[in-house]
1. So in the range 416-449, with the set limited to residues that are within 10 Å of the ligand (Cβ to nearest atom), closer than 30 Å to residue 11 by Cα and of a type in the set (D, E, K, R), which one is surrounded by the most Cβ atoms within 10 Å (Cβ to Cβ)?
2. What's the total number of residues in the range 24-40 that are farther than 25 Å from residue 187 by Cα and within 27 Å of the chain's Cα centre (by Cα)?
3. Assigned to a loop (DSSP other than H, G, I, E, B), more than 22 Å from the chain's Cα centre (by Cα), under 27 Å from residue 11 (Cα atoms) and not β-branched (Val, Ile, Thr): does that describe residue 411?
4. Give the residue that is farthest from residue 381 (Cα to Cα), with candidates limited to residues of the range 403-415 that are within 12 Å of the ligand (Cβ to nearest atom), in contact (Cβ under 8 Å) with a residue 12 or more places away in the chain and surrounded by 19 or more Cβ atoms within 10 Å (Cβ to Cβ).
5. Kindly state which strands (runs of 3 or more DSSP E) lie completely within the range 430-489 and contain at least 3 residues that are in the same structural domain as residue 508 (by the TED database) and among the small types (Gly, Ala, Ser).
6. Would you point out which residue out of 289, 321 is within 30 Å of residue 47 (Cα to Cα) and more than 13 Å from the ligand (Cβ to nearest atom)?
7. So for the range 318-330 (the condition being on the phi > 0 side of the Ramachandran plot and more than 20 Å from the chain's Cα centre (by Cα)), does at least one residue qualify?
8. Looking at 313, 259, which one is touching a strand residue (DSSP E or B) at 6+ places or on another chain (Cβ under 6 Å) and more than 27 Å from residue 213 (Cβ to Cβ)?
Amino acid sequence: MIEFSPWPQDLVRHYRDAGYWIDQPLTQILDAQLAANPQAEALICGSRRFSYADLDRQSRNLAARLARQGLGHGDTALVQLPNVAEFFVVFFALMRIGVVPVNALYSHRRLELAEYARQIAPRLVVASRGHELFRDDAFADELRAKGVAHLLLLDEDDPAQSLAHWLTHAGDLPQGAAPTPADQVAFFQLSGGSTGTPKLIPRTHNDYDYSIRASVRICGVTSATRFLCALPAAHNFTMSSPGTLGVFHAGGTVVMAPSPEPLACFDIVARERVSMAPLVPPAVALWLRAVEEDPARRSLLASLDLMLVGGASFAEATARRVPELLGCRLQQVFGMAEGLVNYTRLDDSPEVIFTTQGRPISPDDEVLILDEDGHEVPDGTPGALATRGPYTFRGYYRSPEHNAQAFDAKGFYHSGDVVVRQGGNLRVVGRIKDQINRGGEKIAAEEIENLLVRHPDITHAALVAAPDAHLGEKSCAFLVLRDGAGKLSPPPLRRHLLELGVAEYKLPDRFRFLPELPLTAVGKIDKRRLRDSLAAETA
Ligand code: AMP
C-alpha cells in the first residue's frame, strides 16, 4: 500500500456514519453506469465516441495486460497524456488493479516529470510520442535506468509499447486483481506548490468519491449533462468539481477539447450540444471577447446552460458579463487539489454568484479564518484560511518538513489563501503563500528562484507576481548579478530555465535587475516592496 497521513479514527467513524465515505472504489463510477446504461454516450474525443461499455472494455483490457505483467497493489505509475479519451481509459485501468498514478500536466517537462518519478519510483510510465520528452527514446531510457519496467506511448508504432495495442483484448482480469481498499490511496493529485520541489497529494477513493458525489448534486449534473473538458484533464477542477468523474458518476457525456481556445470550443459546443463548461478566468475573458467581436457567435453557445469558473480570482465585472453575453448561468468555484472545494449554489442570488466564491461542499468542512496570531477573525475581516474535513488531505506525500508547516496541531491545512466570509460565503482576496497564480496555472516562487541562481552570473533571485489585465498575474524575476557579470537579457535567461527542463508556463514573463534585493526587518527578501515597485511601474 502507498503510505499517507490518515484521518483520526473518531473522524473516520463520523465520516462513515454521516454517509460521506461509502467504502466504494472510484471504479464503481464506471461499474454503476455499465450496469444501468452501458450504451449511453460516455465520452466524445474528436470523431471518436465511447459508450460506457466501450470505456469499461478498454480500461479492462489494459488492466488485464498490466496485471499479467505483475503490476498491482504497491505499484505506482507516472501518466502524462493530453486531453484525449485515453486519459480516462488509463485512469480507470490503473484504478482497477490498484496501481496508484500521478497524472502530470501535459505542459510539464523534464524537471517536473523527473521529480515526480523520483518521489514515486513508478514501475509504469504512460505518455505520448507527441510530447517533446518522448519524441526520441533518451528520456524513456533514463526512466528505465531508474526502474521503470513498462512504457506505454500514445501514437507509437512499436506494438510492444503502443498504448493503442495494449487496449486491445487481452483476456479477463486475473483473479485477485482489484482496486486498492477504498480507505487507501487511489491516486496522487498535484499541488500548485509554494516550495522548491513539486508536492504530491495522496487522495483516497473514499474522500475523492465523496467530493465528486456531493459536487454532482450541488452543480446539478445529470445523465443529460454534456460536459466540456477543455482545461487540462488532470487538473483537480476538471476531474472532480464536479468534473469529468462527476459527469461519469451521473451517466452524462464528457466532450474533450484540446484547449479552451474559444473558436475551436464554440464549434465543439455547437456540434456536441455541450451544456456545462468549467473554465479559468482568462479563458472566460477570451470567450467573452470572441462573442463581443462577433455577436452571431453567441448562437453557437445556445446549448450551454452552466459555466463554472474557478482556479484564480474572477473579477466581479467579468462575472456579471457571463450570463449577459454568453447566455448561460454562472457558478463560481474556489477549490484546491488538497481538498476543500467551495461553490456558489445554483439558486443563490445574483449578488452572491457574482461577488463571492461560495461556500464549502460539506457540512463537515471546517473552515477557520485566522489573523496573524492564529485567532479567528470576525465576518467581513480578511484572514488566512485553514481547513479540515472529509475530503481534505492530511499530509503531502513523504514531506514531513513541509507538512509541519502546512498543518497545525489540530490537523487543519493552512492553504495560504486570504479570504473574507460574508453572509456565509467566502471571497478570496489575497494570498500569503509564495506562489504566483498565472491565470490558474500555479508557480512556486522558490522552485524558479532555485533554478535561476544556478545560472553562473546570478547570485540572488526573487520571483513575484505582477498584475496583468489578461491573466490576473504574470511573474517577474528580480535578479542580482555577480560582480563583473555582463548584461543579461531575457532570451538567454529563459533558455537557461528551459535547458533545466522546467515547464514553459513557469518561465518569468519579465526580468528586473537590482544591485541588491530589499530585505525586511528580519532579513527576509521583502517581496512586498518588489511587488509595489512593479505596481508603481504599471501605474
Ligand atoms: P489548485 O490546487 O491548482 O487547484 O490551486 C488551488 C489554489 O488556486 C487555491 O488555493 C487558490 O489559491 C487558487 N484558487 C482556486 N480557485 C480560486 C478562485 N475562485 N479565486 C481565487 N483563487 C482561487
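1. 417
2. Count: 0.
3. Yes.
4. Only one residue fits best here, namely 413.
5. Numbers: elements: 435-438, 441-444, 458-468, 472-481.
In the range 430-489, the matching strands (runs of 3 or more DSSP E) lie at 458-468, 472-481.
6. 289
7. yes
8. 313
The values are calculated or read from the model by the stated rules, or taken from the named source; none is laboratory data. Please read these numbers as outputs of a predicted model, since none were measured by experiment. Here Cβ is always computed from backbone atoms with ideal geometry, including for glycine, and neighbour counts include all displayed protein chains.
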